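The values are calculated or read from the model by the stated rules, or taken from the named source; none is laboratory data. What you are looking at is a predicted structure, and each value in this text was computed from that prediction instead of being measured. Note that we place each Cβ from the backbone using ideal geometry, even for glycine, and neighbour counts take in every protein chain shown.
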Amino acid sequence: MADQPIVDDSPEDGFDGIHEYDNPCPMWWSLIFLATFIFSIQYMLFFHVGNSGWTLDEAYQNAKVENLKLRFAQIGELKPDEATLISYMGQKDWLEVGKSVFKSNCKSCHGDDGSGLVGPNLTDDYCKNVKQLTDIPRVVSEGAANLTMPAWRDRLHPNEIVLVSAYVATLRGQNLPGKRGPEGNVIPPWPKTPASKAAKPAEEAPAKTEPAASESVKPAEGTKS
Ligand code: HEC
């Protein structure tokens with residue numbers, strides 16, 4: 001501080017002519033330092049060792065789940081039928097819920113954007129287990145390929161299965177370049193949804209071939225993937 005006397009206690013000539021001051025930190029500064037240090041230990045113990053559910057992130061997740069339960073009460077139990085799927089494919093708020101289910105449970109295998117990692121690309125027109133909309137919730141509940149695609153029946157709420165299926169259905173048509181290439185067969189377009197009518201032409205991939213249960217991979221017919 002300005003009113004403290006400056007003490008120069010370096011040897012007469014200093015070192016190489018450089019003089020060093022030796023002034024202790026002011027007491028108020030040291031006390032603040034000590035206080036932050038003591039605070040940090042308690043902070044660490046509180047948030048990182050004990051008391052789960054107290055971080056911002058956990059509190060947010062808990063609130064989201066609570067909110068979801070409230071909203072599930074509004075819609076009752078959804079049926080995994082075509083009309084329900086189509087209806088929820090057009091409802092942005094509910095697609096957000098489907099998307100969050102996807103991000104927490106599916107992206108590890110299908111990729112953040114659905115373009116496929118361990119599991120197949122969900123954004124193209126090729127499918128192995130799915131021919132129509134209602135096959136999506138079926139595959140999601142029951143799993144596929146000896147459960148390399150896990151069964152989610154006992155892990156997700158039935159509404160979550162319907163909502164994530166609706167979300168997955170909306171991923172189709174983006175034809176994102178996946179890491180695995182096309183798998184399965186081209187399937188017929190989904191029935192029209194209120195949103196897709198406005199957004200994009202769904203008739204770009206008419207499936208004239210209805211192959212048997214083989215898993216043959218057809219070459220992409222003029223599609224990007
Ligand atoms: C452990 C990895 C893994 C996870 C997690 C996973 N999947 Fe899959 N999924 C797969 C594999 C592998 C297949 C391909 C099965 C096959 O070869 O028949 C698949 C297939 C699918 C299919 C059918 C695709 C097709 O081509 O027929 C859908 C739809 C699907 N998964 C949706 C989901 C959803 C929704 C979730 C999250 C709730 C999810 N998956 C989580 C691995 C996974």
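Structure notes:
- Residue within the range 146-161 that is near the ligand (Cβ under 10 Å from one of its atoms) and in a helix (DSSP H, G or I) present: yes
- Matching entry among 130, 118, 164 (being near the ligand (Cβ under 8 Å from one of its atoms) and in a helix (DSSP H, G or I)): 164
- Whenever a residue of the range 121-143 is touching a residue at least 12 places away in the same chain (Cβ under 8 Å) and over 16 Å from residue 98 (Cα atoms), its partners that are aromatic (Phe, Trp, Tyr) and surrounded by fewer than 22 Cβ atoms within 10 Å (Cβ to Cβ), lying with C-beta atoms within less than 9 angstrom and at least six residues away or across chains, give the pairs 132/190.
- Selection of the range 53-86 for residues being in a helix (DSSP H, G or I) and more than 23 Å from the chain's Cα centre (by Cα) yields 73, 74, 75, 82, 83, 84.
- Per-region count, the range 105-115, residues more than 9 Å from the ligand (Cβ to nearest atom) and in a helix (DSSP H, G or I): 0
- Just one residue in the set 65, 118 is at pLDDT below 85 and exposed (fewer than 14 other Cβ atoms within 10 Å of the Cβ); that residue is 65.
- Search result, residues across the range 154-185 that are at pLDDT 95 or above and either touching a Lys or Arg at 6+ places or on another chain (Cβ under 6 Å) or more than 19 Å from residue 140 (Cβ to Cβ) (or both): 167
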